[in-house]
1. Take segment 39-52 and flag every residue that is among the basic types (Lys, Arg) and either surrounded by fewer than 13 Cβ atoms within 10 Å (Cβ to Cβ) or in contact with a strand residue (DSSP E or B) (Cβ under 6 Å, 6 or more places away or on another chain) (or both).
2. What number of residues within segment 37-73 are under 16 Å from Leu102 (Cα atoms) and polar (S, T, N, Q)?
3. Suppose the filter is of a type in the set (Ser, Thr, Tyr), assigned to a helix (DSSP H, G or I) and under 21 Å from the mean Cα position of the chain (by Cα); does Ser76 pass it?
4. Go through the residues of segment 53-62 one by one and say whether even a single one is modelled with pLDDT under 80, surrounded by fewer than 18 Cβ atoms within 10 Å (Cβ to Cβ) and not in a loop (DSSP other than H, G, I, E, B).
5. For Val35, which of the numbered conditions (1) assigned to a helix (DSSP H, G or I); (2) surrounded by 15 or more Cβ atoms within 10 Å (Cβ to Cβ); (3) out of contact with any Phe, Trp or Tyr (no Cβ under 6 Å at 6 or more places or on another chain); (4) not small (Gly, Ala, Ser) fails to hold?
6. Which condition number does Arg110 fail, the rest of (1) among the basic types (Lys, Arg); (2) surrounded by 14 or more Cβ atoms within 10 Å (Cβ to Cβ); (3) without any contact (Cβ under 8 Å) to a residue 24 or more places away in the chain being met?
Amino acid sequence: MNAAFDMFAQLLTVVMMAAPALVGFFALQFAVLLVSNRKRNAPLATAGLMWRAAAGVLFGSLVGFAALWATMVVPSWVTGDYEGLPWLMMFLAFPVGGVAALLASYFFARWLLRRTPDGAAAQPAAARA
């Protein structure tokens with residue numbers, strides 16, 4: 001085994017753990033936007049909803065990781081305890097990061113949907129002209 005193979009194995013492990021979570025996160029976000037889209041006067045096309053759901057997932061993931069980091073690393077950094085405290089804070093950090101990610105994703109994607117004017121992306125550009 002060499003260092004490149006070990007790095008590839010670690011990367012593959014992270015991808016295999018994160019990919020199903022991100023796919024599920026995207027499906028949940030897309031379903032929420034699909035329901036919200038039906039209430040609009042001029043509903044957006046499916047591709048428009050998919051882009052907004054993907055943007056919401058990316059933004060929510062960044063906020064969730066930031067909340068996870070703040071909950072796990074900052075208390076250890078403040079107290080100087082890098083052995084016992086991270087294990088204790090881990091049980092608090094994962095729910096905090098997950099809830100922060102879901103809420104940030106939800107509100108960001110809804111904001112993207114609301115700021116799109118009715119009819120702007122509902123019909124092709126050629127039909128609007």
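The values are calculated or read from the model by the stated rules, or taken from the named source; none is laboratory data. Bear in mind that the values here come from a model prediction, so they are computed numbers and not experimental data. For neighbour counting, all protein chains shown are included, and Cβ atoms are generated from backbone atoms with ideal geometry for every residue, glycine included.
1. Applying the first criterion (among the basic types (Lys, Arg)) to segment 39-52 yields 39-40, 52.
Lys39 - this is the single residue of segment 39-52 that is among the basic types (Lys, Arg) and either surrounded by fewer than 13 Cβ atoms within 10 Å (Cβ to Cβ) or in contact with a strand residue (DSSP E or B) (Cβ under 6 Å, 6 or more places away or on another chain) (or both).
2. The qualifying residues number 1.
3. Working: of a type in the set (Ser, Thr, Tyr): yes; assigned to a helix (DSSP H, G or I): yes; under 21 Å from the mean Cα position of the chain (by Cα): no.
No; evaluated as a whole, the condition is false for this residue.
4. no
5. For Val35, the failing item is (2).
6. (3)
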